[in-house]
Amino acid sequence: MQPTDIRNPDYFHRVVDCQWGCPAHTDIPEYIRLIAQGRYADAYMLNRKSNVFPAILGRVCDRPCEPVCRRGRVEEKPVAICRLKRVAADLRGDIDHRLPTAPSEKNGKRVALIGAGCASLTVANDLAPLGYELVIYESLDKPGGLMRTNIPAFRLPVEVLDEEMDQILRMDIDLRLGHEIKSMRDLLENGGYDAVFVGTGAPKGKELNLPGRHDTKSIHIGIEWLESVAFGHLDSIGERVLIIGVGNTAMDCCRTSLRLGANDVKVMARKPRGFFKASDWELEDAEEEKVEIVVNHSPKEFVVEDGKLKGMVFDLMEYDIVDGRIADSRITGQEFFPCDDVILAIGQETAFPWVERDIGIDFDRWDVPVVDRVTYESTREGVFFGGDAAFGPENIIWAVEHGHQAAISIHKYCHGEPITERMPPGMNLLAAKMGIHEWSYSNDYETAPRRAMQHMSLEKRFRKLDIEVELGFTPEQAAREAQRCLNCDIQTVFEAPLCIECDACVDICPVHCLTIAPNGEEEDLRERLTVPARNLDQPLYVSAELPQTARVMVKDEDLCVHCGLCAERCPTAAWDMQKSELLTPYVHHEAADQPPQGSLGKRKAGAETKEAPVRTAA
Amino acid sequence: MSYIARPKVSHPALARNELGLTMRDYEGGMSTLCAGCGHDSITGALIQAVFELSIPPHRMGKLSGIGCSSKTPAYFAASSHGFNSVHGRMPSVSTGAAAVNGRLQYIGISGDGDSLSIGVGQFVHAMRRNLNMLYLIEDNGVYGLTKGQFSASADTGSTAKRGEVNEQQAIDPCLLAIASGCGFVARGFSGDRTQLVPLLKAGLSHRGFAMIDVISPCVTFNDHEGSTKSYRFTRENAYPIGHTDFIPPEVEIKAELGVGEAQQVQLHGGGSILLRKLDHEYDASDRSAALAYLSRRQGNGEVATGLLFVEEGGADMHELARLGETPLADLPYERLCPGSGALADLQDRLR
């Protein structure tokens, strides 16, 4: 194998599994260390830099970071990253003076943002401090998009939502509520905008056209029903409710039903467990509230008598599962479930009836706009898409990242610069050694299991619709949980010319991830390691030839706990622990033509050359 | 040394031996030796060897004298028996232990100071008695614990860290062992584990005294340019006389192992050794030829490594002294202490 190129910023970035997994590349290990030190405000601000809504996301993020957390491979449960983020938000104190502000003198560029959801708000957050004149059009009477309409208040309190949106909206942003854009052509021709950003989400719930669907008023579309509840248009539901679908919207629907008076709520799943779309923790929370999840039932028809819903008939399904995939299925019978209401939560899609099809904005054969994955530009110059509106339903953190990238494109477009020439990310490396056996991080391994989140008691939580179920971590719980973080950004960095091949590092490594061996092809080398490296998702760190025997040092990154013992035991400092800091360019870096410097001084890797890989959104 | 304990986590796919134990179950305390010490690497090799042989930790006795080397027993097999004894007197203590319980697997760990200076008499007599044990000399040619004076194994002409030249002759423990009648003599290098681990396994399976001299660089006082026991010098001048494979008893020896040229030695303790010679003129079963060969290599400034001499079938101390098979600890009290009448009878016989 060729020696690993650690100058490529992607290499060490990838080692920080959580940050690599987060679409917005939030510097998770660093903010967890700040929380461990009780520096909640600093942790909040670091979070805000990349993910903009720490308090909101600390409650309702889909947490792409947690399933990939190294701790989850070393033992069973990942670090409770998301809930630690909430701690930083809960305990941050007053940070108003640290928030970005808009200059009183504008730069003369006007940008329209359609839809006041997380994507548009992120664009606004990035562009307002540069002096852009921003107009947000929102068809509803309140901003927030799906964060307000689709996420129930018992998961995301309205005050939390309003507070974080206000941090952005207060920057001289012209928010036009109840203003639905009915014609894109009209906006483009008569609006007088330099650029337009579409962040209208995926507002259309999918239909289930089975017999009886339109014979009653008791069948609801999940996201529309949640919106009616959020705006107080609906405050009751029948006693027996069937939810069709097992995604996260289904979980919100079943739990909301319980709070509106239902007492027998069943979530009907077509497939067995393991094929559900809902996150495990959302399923757990629903089941804690005694929601029954019924598997292998495929909807067949609605039974309606005289306009009144009696129940639903389902096909009983049987599946052949081979290697975790459904190879075949058959119907083995039918079953009737009585109910008073049905909520359809089987997905949602984008809808653009207001975008004319002859104005240069192309749509593909699924009627989804054609949007560039790097620049977020549509096929019409100056029109950008982000969030669910761009590529269909994802989640908030993706929309935030789309917003950051679209802001860069909008800025470049407005200033006549090519939008594909973007600043590459950089990587800073700084020695973590503070003295003999002294490191700039706590390298002792915390053996504690993941802290359990305290919930509001089952008796109390149903009394009102907006009683928050999760109570958040106490500072003590947070301090303990923070220590479970393995500090994956404190990288093991190897200098082959210094190595005397004494084996000290190989022997001391608690997880046997180091090997000194003759070089070979990757497939062969992976099998010859101290413990074979069979997790192919994780790279091998291969050194240059060692000076004395021409063998190579190989590190399997998979299970390294970043304890630093290899560096402590190395007599020549060939192994060193160095803190990596990903330098993500935002629009203000592009505007100032000044790459991010980070907090660690001069950047070392990747930045000097334009050939360094440009981060793509995918 | 390090100040944090080795984390208790381990790789979930870590291999298990016949006893269901992993390498980590054979670990000991955290080493307090200098970072990069050859001794720590030997500890690693020992852990691998006893793990692969599936030796139950409670069936091992670890013994040592005084010196950096003699701290080694603390760093592996934490649940085994151990005795850190007096400088150069580990062979006597081992003799006593072996006499009262011949069923344990004894591993003595000594250094060039402990075995070739203060303890050289004890060392030679342990070989003469043919104690059933593995005896390791962690050989770095220097008194590290007293800040780097030449030891008895320092080669003539080699220099100390500050440049003084050693003018005295060296004692080569391998030549000494072959000449003293030892039945298993090998030399390894802490930096070559593929060679060392099979040697350790073979030594552990040999019935009688198995002496392995392991060149073990002292990173602090003897890893410099004028040293003949540094990592670099040893790597450049090691002369492997052959490759030793230890074959466990249950494994059938097949031609694919390269038996054609190999010399096979059946071990008393089970298993066998396959010695694939690199140098055809070498015969590891001929004591006088081995002495001549090693002296010649030494004259060329080469460090011959590998299994240098092996002779199976010699009677060990237990047989020579006609000691009982049952450990004293397992004897019923009446036999262990037959009473004053028996003592009087014995004394009468000696009058």
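Computed from the coordinates by the stated procedures, all read-outs in this text should not be read as laboratory data. Being a predicted model, the structure only gives us computed values, none of them experimental. FYI the Cβ positions are ideal-geometry reconstructions off the backbone, even for glycines, and counts take in every protein chain you see.
When the alpha carbon coordinates of region B:225-351 are projected onto the principal axes, the ranges are 66, 43, 28 Å, largest first. Mean per-residue shielding of peptide B:11-22 is 3, counting Cβ atoms of other chains within 10 Å of each Cβ. The magnitude of the dipole of chain A, with charges of +1 and -1 set on the Cβ of Lys/Arg and Asp/Glu and taken from the Cα centre, is near 680 debye.
Loop sites here are chymotrypsin sites (Phe, Trp or Tyr not before Pro) outside DSSP states H, G, I, E and B with no more than 15 other Cβ atoms within 10 Å. The longest part of chain A free of them is A:367-618. Only beta bridges with both residues in the protein assembly as shown are counted; by DSSP, about 50 percent of them are antiparallel.
Considering only B:Gly96, A:Ile244, A:Pro157, and ranking their Cα positions along the charge dipole of the protein assembly as shown that arises from unit charges at the beta-carbon of Lys, Arg, Asp and Glu, the one farthest toward the positive end is B:Gly96. A viscosity of 1.306 mPa s and a temperature of 10 °C, combined with the Kirkwood radius over C-alpha pairs in the Stokes-Einstein formula, give region A:244-290 a diffusion coefficient of 148 µm²/s. Computed over Cα pairs, the Kirkwood radius of region A:490-615 leads via Stokes-Einstein (0.890 mPa s, 25 °C) to a diffusion coefficient of 150 µm² per second. For chain A, the residue among A:Ala195, A:Asn263, A:Trp225 whose Cα projects farthest onto the positive side of the dipole built from Cβ charges is A:Asn263.
Here region B:150-233 has an Rg and Dmax of 14.4, 44 Å, counting Cα atoms alone.
At q = 0.15, 0.17 Å⁻¹, work out log10 I(q)/I(0) for region A:62-210 with the Debye formula, treating every Cα as an identical point scatterer and leaving solvent out; two decimals please. Cα-only, vacuum Debye calculation for region A:62-210: -0.92, -1.07. For the set B:Lys201/B:Lys277; A:Lys109/A:Lys204; A:Lys206/A:Lys266; A:Lys85/A:Lys433; A:Lys277/A:Lys464, the pairs lying more than 21 angstrom apart at their alpha carbons are A:Lys109/A:Lys204; A:Lys85/A:Lys433; A:Lys277/A:Lys464.
Listed values for region B:236-247 are Karplus-derived 3J(HN,Hα) couplings in whole Hz (6.51 cos²θ - 1.76 cosθ + 1.60, θ = phi - 60°), namely 7, 10, 5, 10, x, 7, x, 9, 9, 10, 9, 10, and x replaces Gly and Pro. In vacuo Debye scattering of region A:219-357, one point per C-alpha: log10 I(q)/I(0) at q = 0.10 Å⁻¹? Each listed q maps to, in turn, -0.36. Between the amide H of A:Gln491 and those of A:Gln578, A:Lys579, A:Ser580, distances stay under 5 Å, these residues lying 5 or more places away or on another chain, with hydrogens modeled in the peptide plane. For region B:130-191, the list of chymotrypsin sites (Phe, Trp or Tyr not before Pro) that fall in a loop by DSSP and count at most 13 other C-beta atoms within 10 angstrom is empty. With the simple spin-label model, which puts each label point 7 Å out from Cα in the Cβ direction, the A:Thr379 to A:Asp367 separation comes to 1.7 nm. Summarising the amide proton neighbourhood of A:Val79: residues at separation of 5 or more, or on other chains, whose placed amide H is nearer than 5 Å comprise A:Arg71, A:Gly72. Considered as an equivalent ellipsoid built on the Cα gyration tensor, region A:345-422 has semi-axes of 22, 17, 8 Å, the largest given first. Size check on region A:294-447: the Cα extents along the three principal axes, sorted descending, read 73, 60, 32 Å. Under the simplified labelling scheme, the A:Phe336-B:Glu225 pair shows an inter-label distance of 9.8 nm, with each label point 7 Å from Cα along Cα→Cβ. Among the GluC sites (Glu not before Pro) in region B:198-250, those located in a DSSP loop and surrounded by at most 14 other Cβ atoms within 10 Å of their own Cβ are B:Glu225, B:Glu250. The fraction of all Cα pairs in the protein assembly as shown landing in successive 20 Å bins from 0 to the largest distance is 12, 33, 26, 19, 9, 1, 0, given as whole percents. Legend: mean number of C-beta atoms from other chains within 10 angstrom of residue C-beta atoms, peptide A:545-551, equals 2. Between the residues A:Ala567, A:Thr492, A:Pro596, the greatest Cα displacement towards the positive end of the dipole of region A:490-615, with unit charges on the Cβ of Lys, Arg, Asp and Glu, is found for A:Pro596. Computed from the C-beta positions of A:Leu177 and A:Ser442, the FRET efficiency with R₀ = 41 Å rounds to 0.30. Report the percentage of all Cα-Cα pairs in region A:204-263 whose separation exceeds 16 Å, rounded to a whole percent. Result: 43 percent of Cα pairs exceed 16 Å. Stretching the chain fully between A:Met434 and A:Val322 yields a gain of 35.0 nm (0.36 nm per residue, less the alpha carbon separation). Fewest-first ordering of A:Glu301, A:Glu180 by other beta carbons within 10 Å of each residue's beta carbon gives A:Glu180, A:Glu301.
Computed over all pairs of different Cα atoms, the Kirkwood value for the hydrodynamic radius of region A:195-239 is 13.0 Å. Rounded if a/c is under 1.5, else prolate if a/b is larger than b/c, else oblate: which is region B:23-320, with a ≥ b ≥ c the root eigenvalues of its Cα gyration tensor? Because its axes are fairly even, with a/c under 1.5, region B:23-320 counts as rounded.
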